[in-house]
Amino acid sequence: MEKTFLMVKPDGVQRNLIGEIMSRFERKGFKLAGAKLMPVPQGLAEEHYGEHKEKPFFGELVEFITSGPVFAMVWEGEDVIAAARQMMGATKPSEAAPGTIRGDFGMIVGKNVIHGSDSKESADREISLFFNDGELVDYQKDS
Ligand code: CMP
C-alpha cells in the first residue's frame, strides 16, 4: 500500500494544530504507520530540502524548519500521496482552497503549516530520512 511522509511544521506545532491535522487524516480513513515529535537537526533539514538548495529562500527554509520541533508522520492508503496534497492545499496559503489545511490555517508561504511528499520517489526518500524501519508499524486496519 502507498505511503507518504507528512510533517506538521514548527508553526503548526506552536499553534496546537497537530491534533486537528491528524484528525483530518484519521477521519479520511488513512492508516497511521508512524509518528513522532522531534527537532530537525541542520543536516537533516538541508538534506530534506536539498532540491531547493539553489532557491533564494533556501536559508530561510532551513532556518525555519530547525527553529522548533516538528511532528513527523507516515500515513498509508490508496493514492495517499496525491490525496494528502489535496487535503493540504496549495503551497501558497493565499492560493489554498478553503477546507484544505493551508487554506484554513495558513497565511504565508514560508510558514504554511504542513509539508507533504510530492511523489512516490520523494515519499520513499523522506520516509527513510526521518524514520528507521523499526519506527514504522505494520498492522491490520479494518475500516
Ligand atoms: P514545503 O512543501 O515544505 O516545500 C518547500 C517549501 O518551501 C514550501 O513548503 C514552502 O514553505 C517554502 N517556500 C516556497 N516558496 C517560498 C518562498 N518564496 N519563500 C519562502 N519559503 C518558500
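The values are calculated or read from the model by the stated rules, or taken from the named source; none is laboratory data. Because the structure is predicted, anything quoted here is derived from the model rather than measured. We place every Cβ from the backbone using ideal geometry, glycine too, and count neighbours over all the protein chains shown.
Checked against (1) touching a strand residue (DSSP E or B) at 6+ places or on another chain (Cβ under 9 Å); (2) surrounded by fewer than 15 Cβ atoms within 10 Å (Cβ to Cβ), K3 passes all but condition (2).
Has segment 77-94 got at least one residue that is within 14 Å of the ligand (Cβ to nearest atom), touching a strand residue (DSSP E or B) at 6+ places or on another chain (Cβ under 8 Å) and among the basic types (K, R)? Scanning segment 77-94 turns up at least one residue that is within 14 Å of the ligand (Cβ to nearest atom), touching a strand residue (DSSP E or B) at 6+ places or on another chain (Cβ under 8 Å) and among the basic types (K, R). Taken across segment 97-113, residues that are within 11 Å of the ligand (Cβ to nearest atom), in a helix (DSSP H, G or I) and among the hydrophobic types (A, V, I, L, M, F, W, C) do not occur at all. Each residue in segment 90-104 was checked for being farther than 25 Å from G59 by Cβ, of a type outside the set (D, E, K, R) and either surrounded by 13 or more Cβ atoms within 10 Å (Cβ to Cβ) or in contact with a Ser or Thr (Cβ under 7 Å, 6 or more places away or on another chain) (or both), and 3 pass.
Listed conditions (1) within 21 Å of Y49 (Cβ to Cβ); (2) in contact (Cβ under 8 Å) with a residue 24 or more places away in the chain are all met by S128, apart from (2). Scanning segment 105-122 for residues that are under 15 Å from V8 (Cα atoms), touching a residue at least 60 places away in the same chain (Cβ under 8 Å) and surrounded by fewer than 22 Cβ atoms within 10 Å (Cβ to Cβ) yields F105, K111, H115. Taken over segment 41-73, the criterion of being touching a residue at least 60 places away in the same chain (Cβ under 8 Å), away from the ligand (no atom under 12 Å from the Cβ) and either in contact with a Gly (Cβ under 9 Å, 6 or more places away or on another chain) or assigned to a loop (DSSP other than H, G, I, E, B) (or both) is satisfied by F71, A72, M73.
Whenever a residue of segment 1-12 is within 17 Å of I108 (Cβ to Cβ) and modelled with pLDDT of 95 or more, its partners that are part of a strand (DSSP E or B) and of a type in the set (F, W, Y), lying with C-beta atoms within less than 6 angstrom and at least six residues away or across chains, give the pairs V8/F71. Scanning segment 1-12 for residues that are in a strand (DSSP E or B) and basic (K, R) returns a single hit, K3. State all residues of segment 13-36 that are among the aliphatic types (A, V, I, L, M), in a strand (DSSP E or B) and touching a residue at least 40 places away in the same chain (Cβ under 8 Å); if no residue qualifies, say none. The answer is L32, A33.
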